[in-house]
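> Please read through the structure below; I'll follow up with questions.
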Amino acid sequence: MQACTRQPWANRHAEIDHPYLQPWIANTQLGMAHSSMGRRLVACLLNVSEARRKNLVETVAKAAIFDGDGRRREGTTVLNIFNDDDYNRSVITIVARIECITEAVLSACEKACGLIDMSAHEGGHPAMGSVDLVPLYPLGEEVELEDCAKEAKAVASGLTKQVSGTSAFFFGVADSPQHRGLAQRRKELGWFRKNPDKEAVRPDVGPLPQKRYGLTGIGASPYVTNCNITIDTQDLVLGRSVAKAIRESTPGGLPGVQVLALSHKGAVEIACNVESVMGKPLNQDGEGGEPWPTFSIGGQPYHHVPASVIAARVAKLAGQQGVATKGTALVGFTPHECRALAEKALSLGIGEFWKEQRRINM
């Protein structure tokens, strides 16, 4: 097993009800767990622009866990791999001790850039880069947002040096001093457009974006959950009206929710990034009476909207227009689940935990 070293450039998942894992989740509170394995953990939900070649995506995931000689990196695990063929996009959940996170994530990014040609990419989800998004999230009190921002900048520096022609922009706390959020940065850079003008983009690190690699977003923020609700219609106009109604920026919208309506497998998916919001929730219980999950970073309380609340709001809005919902899915985990599962995986020395995860609850 290889110890972590500093480099010079200083699926949708089902509810977890298996007895093997449930106690870990029930007993783990972000910012309150004190096991030696659990300290100073950082999560990266690595978004890559490939899903149809599953073996390729697994190769990228394994690059985070194993070095070039096949030795496993200590203190690093991949909890989940989510593939969406329609979107041609995958999300790889990497968790590592902060001392290991840059090396693990950078290795996965380098591998992805070598295997994914953005100039040939086709998919239903907006994307600008072979590696489209590299968000780093602290998992608990032991890691500050500024620590994650430092590691995010190290990833950007390492990637643009190691893979010639790559370029990146920063968001969140890594976007110093403005600290612009991901949605704002994407809007500024044209990420939401069907055919963004990459030649007009001025990256924060690296050269002007090249067709081969595109542009990568790298940043740090409190944990972001991905929650998608499918509504039984092909009417994108209707879907966009639902998306707008729940978006944080809309009066009466849900806090921290950034959302797109996208065509997906013959229906419309309300695809939500659920950002964690500073402070305690004003409304402790949402639709259905479920408490809003809370956690702490650096002594500051944060909370996020439960998936059940988003699903209930979407069902109500769509139902008012005679449309039913078909299902709700989380891409990866909630913050509490991510922390608990990472501690479990690391305590057992399991690097390829996504295989264990699939056997347990897929």
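> Being among the β-branched types (Val, Ile, Thr) and assigned to a helix (DSSP H, G or I) is the filter; apply it to segment 66-124 and report the residue that is nearest to the chain's Cα centre (by Cα). First the steps, then the outcome.
The first filter runs over segment 66-124 and keeps only residues among the β-branched types (Val, Ile, Thr), leaving 76-78, 81, 91-95, 98, 101-102, 105, 116.
Narrowing the set further to residues that are assigned to a helix (DSSP H, G or I) leaves 98, 101-102, 105.
Numbers: Ile98: 17, Ile101: 15, Thr102: 16, Val105: 13 Å.
So the residue we want is Val105.
> Residue by residue through segment 86-135, note down the ones that are in contact with a Cys (Cβ under 9 Å, 6 or more places away or on another chain) and aliphatic (A, V, I, L, M).
Ile92, Ile94, Val95, Ala96, Ile98, Ile101, Ala104, Val105, Ala108, Val131, Val134
> Any residue at all in segment 121-144 that is charged (D, E, K, R), open to solvent by 10 Å² or more (accessible area, probe 1.4 Å) and either in contact with a Pro (Cβ under 7 Å, 6 or more places away or on another chain) or closer than 15 Å to Val78 by Cα (or both)?
Within segment 121-144, one or more residues are charged (D, E, K, R), open to solvent by 10 Å² or more (accessible area, probe 1.4 Å) and either in contact with a Pro (Cβ under 7 Å, 6 or more places away or on another chain) or closer than 15 Å to Val78 by Cα (or both).
> Would you check if Thr225 is of a type in the set (Ser, Thr, Tyr), open to solvent by less than 60 Å² (accessible area, probe 1.4 Å) and not in a loop (DSSP other than H, G, I, E, B)?
Yes, satisfied.
> Please go through segment 144-169 and pick out each residue that is of a type in the set (Lys, Arg) and under 17 Å from Cys44 (Cβ atoms).
Result: Lys150, Lys153.
> Moving on. Determine whether Phe171 is in contact with a His (Cβ under 9 Å, 6 or more places away or on another chain) and not in a helix (DSSP H, G or I).
Considered against the rule, which asks whether it is in contact with a His (Cβ under 9 Å, 6 or more places away or on another chain) and not in a helix (DSSP H, G or I), Phe171 comes out as yes.
> Within segment 207-216, does at least one residue satisfy the condition of being more than 28 Å from Glu99 (Cβ to Cβ), surrounded by 17 or more Cβ atoms within 10 Å (Cβ to Cβ) and not small (Gly, Ala, Ser)?
Checked against the condition, which is being more than 28 Å from Glu99 (Cβ to Cβ), surrounded by 17 or more Cβ atoms within 10 Å (Cβ to Cβ) and not small (Gly, Ala, Ser), segment 207-216 yields at least one hit.
> Right, here's the next one. Taking Gln234 as the residue in question, decide whether it is open to solvent by 70 Å² or more (accessible area, probe 1.4 Å) and closer than 24 Å to Lys153 by Cβ.
Here the answer is no, as Gln234 does not meet what is asked.
> Give me the residue from segment 253-263 that is small (Gly, Ala, Ser) and closer than 17 Å to Trp292 by Cα and, out of that set, least open to solvent (accessible area, probe 1.4 Å).
Per the stated criteria, the residue is Gly256.
> Moving on. Do you know which residues across segment 189-201 are among the charged types (D, E, K, R), surrounded by fewer than 19 Cβ atoms within 10 Å (Cβ to Cβ) and either in contact with a Leu (Cβ under 8 Å, 6 or more places away or on another chain) or under 24 Å from Val105 (Cβ atoms) (or both)?
Answer for segment 189-201, where residues must be among the charged types (D, E, K, R), surrounded by fewer than 19 Cβ atoms within 10 Å (Cβ to Cβ) and either in contact with a Leu (Cβ under 8 Å, 6 or more places away or on another chain) or under 24 Å from Val105 (Cβ atoms) (or both): just Glu199.
> Sticking with this structure for a sec: (1) modelled with pLDDT under 90; (2) over 27 Å from Glu142 (Cα atoms): which one isn't true of Ile270, the others all being true?
Failing condition for Ile270: (1).
This table checks each residue for (1) open to solvent by 30 Å² or more (accessible area, probe 1.4 Å); (2) within 17 Å of the chain's Cα centre (by Cα); (3) of a type in the set (A, V, I, L, M, F, W, C).
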{"position": "Lys265", "(1), (2), (3)": "yes, no, no"}
{"position": "Met278", "(1), (2), (3)": "yes, no, yes"}
{"position": "Pro291", "(1), (2), (3)": "yes, no, no"}
{"position": "Ser296", "(1), (2), (3)": "no, no, no"}
{"position": "Lys316", "(1), (2), (3)": "yes, no, no"}
{"position": "Val331", "(1), (2), (3)": "no, yes, yes"}
{"position": "Cys338", "(1), (2), (3)": "no, yes, yes"}
{"position": "Leu341", "(1), (2), (3)": "no, yes, yes"}
{"position": "Leu346", "(1), (2), (3)": "no, no, yes"}
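> Looking at the structure I just gave you, is Val155 part of a loop (DSSP other than H, G, I, E, B), touching a helix residue (DSSP H, G or I) at 6+ places or on another chain (Cβ under 6 Å) and buried (at least 22 other Cβ atoms within 10 Å of the Cβ)?
It is false that Val155 is part of a loop (DSSP other than H, G, I, E, B), touching a helix residue (DSSP H, G or I) at 6+ places or on another chain (Cβ under 6 Å) and buried (at least 22 other Cβ atoms within 10 Å of the Cβ).
> Separate question: Please pick out the residue among Ala245, Ala183 that is open to solvent by 20 Å² or more (accessible area, probe 1.4 Å), closer than 14 Å to Val309 by Cβ and in a helix (DSSP H, G or I).
After applying the criteria, what remains is Ala245.
The values are calculated or read from the model by the stated rules, or taken from the named source; none is laboratory data. Here the structure is a predicted model, which means the values were calculated and not measured. Because the Cβ atoms are built from the backbone with ideal geometry, glycine has one as well, and the counts that use them run over all protein chains shown. The protein model used for the area step is the full one, side chains on, heavy atoms only, and it has no ligands, DNA or RNA in it. Shrake-Rupley method; radii C 1.70, N 1.55, O 1.52, S 1.80 Å.
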